[in-house]
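Below is one structure, written out as structure tokens, with a few remarks after it.
The values are calculated or read from the model by the stated rules, or taken from the named source; none is laboratory data. Here the structure is a predicted model, which means the values were calculated and not measured. Heads up, the Cβs are rebuilt from the backbone with ideal geometry, glycines too, and the neighbour counts pull from every protein chain shown. Protein only, heavy atoms only, side chains kept; ligands, DNA and RNA dropped before computing areas. Shrake-Rupley method; radii C 1.70, N 1.55, O 1.52, S 1.80 Å.
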Amino acid sequence: NHEYTNGWLMFPGYSMKNAKDKATEEELRIEMEAHGFSLMEIKRDDPGWRQMLGSEFTRRVTATTPVTISGPAAGHARMRTLHDPHGRKVLGTLANCSGGVTPWGTILVSEENFDGYFYGRTQTAEQASHDRYTVGKKTFYGWHRIDPRFYVAREPNEPNRFGWVVEYDPYDPKSVPVKRTALGRFKHETATCALTRDGRLAVYSGDDDYNEYLYRFVSRDPVASGKRDLLDHGELQVAKFQDSGMLEWIPLVHGRHGLTAENGFHSQADV
């Protein structure tokens, strides 16, 4: 994973304070291509491990790579932008942190501190959500200077398209990565997979911000079903730790536990 860059270390003549404001357009675009994640093939032989240069599996996924949106939030009004009026395809993945491997061999990559990529505020109702995620509170990059999708006043819904778990197939270099929205949106740290006793998949993630929560997603269908959209259907849950040391998993399901229209949750996509 290429979680973040430091412009003042990448390019000469800048300091930690002024890099995002003084970097040239070319330098900012280089930063965008330095984010995301890489795939390379390695081989073990005598005397050890080596990278297989020229491998067909070698690939970069960056802040500008087309990524599909799937699951309950796909197509939702809050996922739509000027460049994607259908809310089903986003450019790039950001702030990629620890992930996991599924039983069927795909890779899960987390989007963590996505809030620091956006600049400004919006006058729309979306600002309350941005405040919850601290979007625009402290901008680490100057990408809004060259790409309006990172300027919140122009594209108030663009931040909603980040903060997910991305699944990609390392064995198919032409495959399109997918953001699995059923796994929830927050500052993901890891996406660790485990099988339940009845053969379904559980994916565990933590929100890696102060005073946040631990989550898991449990698939509706067993892994043995072979369904490729297994991570689009299931139940997202949040952990509640009791004083006794016991842990309770609370389902985050529309219509339950206060997740109702009266409280602003009109569908599972809102949840």
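Observations on the structure shown:
- Residue match in segment 156-165 (condition: out of contact with any Leu (no Cβ under 8 Å at 6 or more places or on another chain) and more than 18 Å from Ser129 (Cβ to Cβ)): no
- Residues that are free of Cβ contacts under 8 Å to residues at least 40 places away in the same chain, surrounded by fewer than 19 Cβ atoms within 10 Å (Cβ to Cβ) and either farther than 23 Å from Ser98 by Cα or not acidic (Asp, Glu) (or both) within segment 207-225 comprise Tyr210, Asn211, Tyr213, Leu214, Val218, Arg220, Asp221, Pro222, Ala224, Ser225, listed in sequence order.
- Matching residues, segment 181-214, being within 20 Å of Met246 (Cα to Cα) and at pLDDT below 95: Asn211
- Checked against the criterion of being in a strand (DSSP E or B), of a type in the set (Phe, Trp, Tyr) and open to solvent by 100 Å² or more (accessible area, probe 1.4 Å), segment 37-48 contains not a single residue that satisfies it.
- Any hit, segment 59-79, residues being over 30 Å from Val253 (Cβ atoms), over 19 Å from the mean Cα position of the chain (by Cα) and either of a type outside the set (Gly, Ala, Ser) or surrounded by 12 or more Cβ atoms within 10 Å (Cβ to Cβ) (or both): no
- Scanning segment 255-271 for residues that are open to solvent by 40 Å² or more (accessible area, probe 1.4 Å), in a loop (DSSP other than H, G, I, E, B), without any contact (Cβ under 8 Å) to a residue 24 or more places away in the chain and on the phi < 0 side of the Ramachandran plot returns Arg256, Phe265, His266.
- A single member of Gly36, Gly7 is small (Gly, Ala, Ser), within 18 Å of Trp143 (Cβ to Cβ) and in contact with a His (Cβ under 7 Å, 6 or more places away or on another chain), and it is Gly36.
- Only one of the numbered conditions (1) under 14 Å from Lys179 (Cα atoms); (2) modelled with pLDDT of 95 or more is violated by Gly99, and that is (2).
- Among the residues of segment 1-33, those identified as buried (at least 16 other Cβ atoms within 10 Å of the Cβ) and hydrophobic (A, V, I, L, M, F, W, C) are Trp8, Phe11, Ala19, Ala23, Leu28, Met32.
- Look at segment 138-151: where a residue is more than 17 Å from Glu33 (Cβ to Cβ) and a partner is open to solvent by 50 Å² or more (accessible area, probe 1.4 Å) and of a type outside the set (Phe, Trp, Tyr), sitting 6+ places away or on another chain with Cβ atoms under 6 Å, you get Pro148/Arg154.
- Boolean, Gly163 is open to solvent by less than 70 Å² (accessible area, probe 1.4 Å) and at pLDDT below 95: no
- Residue list for segment 137-152, filter: open to solvent by 20 Å² or more (accessible area, probe 1.4 Å), touching a His at 6+ places or on another chain (Cβ under 9 Å) and part of a loop (DSSP other than H, G, I, E, B): Lys137
- Test result for Thr190, polar (S, T, N, Q) and either within 30 Å of Thr58 (Cβ to Cβ) or in contact (Cβ under 8 Å) with a residue 24 or more places away in the chain (or both): yes
- Checked against the criterion of being within 18 Å of the chain's Cα centre (by Cα), of a type outside the set (S, T, N, Q) and surrounded by 13 or more Cβ atoms within 10 Å (Cβ to Cβ), segment 240-254 contains not a single residue that satisfies it.
- Subset of segment 90-128 (residues that are open to solvent by less than 20 Å² (accessible area, probe 1.4 Å) and in a helix (DSSP H, G or I)): Phe114, Asp115, Gly116, Tyr117, Gln127
- Residue within segment 19-31 that is part of a loop (DSSP other than H, G, I, E, B), out of contact with any Phe, Trp or Tyr (no Cβ under 7 Å at 6 or more places or on another chain), modelled with pLDDT of 95 or more and closer than 23 Å to Asn113 by Cα present: no
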